[in-house]
């Protein structure tokens, strides 16, 4: 089975570029086959390199994003993706409103924590319907803050948040039978 994941932030030079590298690494380390990963930005132009702090923080993790160049979000990319994971609710709403996407658009934390696009518990059927999640639970699945313009420590913190959420997202995809594993290793246990 092949699954296509699109990671989206604003400029595609910090969060989504790091997320793309981290997800590809986690998939490879877990023996996952058939996972295609791309990233894009809602308010960028094509061709901007990853920010210096993003490059250095990824280098600290043994990942190289020096060749990354920003990609502007397009309808073609939205149509390409099986799952679209954004860094903020605002970005998810933008994609739904601008491109008419819906059921496959989540914030990264919503998806990782099993929440649906509208704050519904995925698989939480009660009497044939989905159970609504309290606002507090939806807030816990909130945004991943943009580190742009801040010190390297902010990028490290954001990279850690992204990695933890992506590990949970991989487990969710695996639990739903969406991923082909070449072996039995768990995400992130190398």
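The values are calculated or read from the model by the stated rules, or taken from the named source; none is laboratory data. Since this is a predicted model, take the numbers as computed values, not measurements. Positions of Cβ are backbone-derived with ideal geometry, glycine not excepted, and every protein chain shown enters the neighbour counts.
Which of (1) modelled with pLDDT under 50; (2) exposed (fewer than 15 other Cβ atoms within 10 Å of the Cβ) does residue 188 not meet, given it meets every other one?
So the condition that residue 188 fails would be (2).
Are any of the residues in region 76-94 out of contact with any strand residue (DSSP E or B) (no Cβ under 9 Å at 6 or more places or on another chain), within 20 Å of residue 35 (Cβ to Cβ), at pLDDT 95 or above and surrounded by fewer than 20 Cβ atoms within 10 Å (Cβ to Cβ)?
Yes.
Is it true that some residue in region 17-33 is touching a helix residue (DSSP H, G or I) at 6+ places or on another chain (Cβ under 9 Å) and over 22 Å from residue 109 (Cβ atoms)?
Within region 17-33, one or more residues are touching a helix residue (DSSP H, G or I) at 6+ places or on another chain (Cβ under 9 Å) and over 22 Å from residue 109 (Cβ atoms).
Modelled with pLDDT under 95 and in contact with a helix residue (DSSP H, G or I) (Cβ under 9 Å, 6 or more places away or on another chain), is that true of residue 41?
It is false that residue 41 is modelled with pLDDT under 95 and in contact with a helix residue (DSSP H, G or I) (Cβ under 9 Å, 6 or more places away or on another chain).
Going residue by residue through region 154-172, is there one that turns out to be surrounded by 14 or more Cβ atoms within 10 Å (Cβ to Cβ), at pLDDT 95 or above and over 16 Å from the mean Cα position of the chain (by Cα)?
yes
Conditions first: (1) modelled with pLDDT under 95; (2) within 17 Å of the chain's Cα centre (by Cα). Residue 121 passes all but one, so which condition is the exception?
(2)
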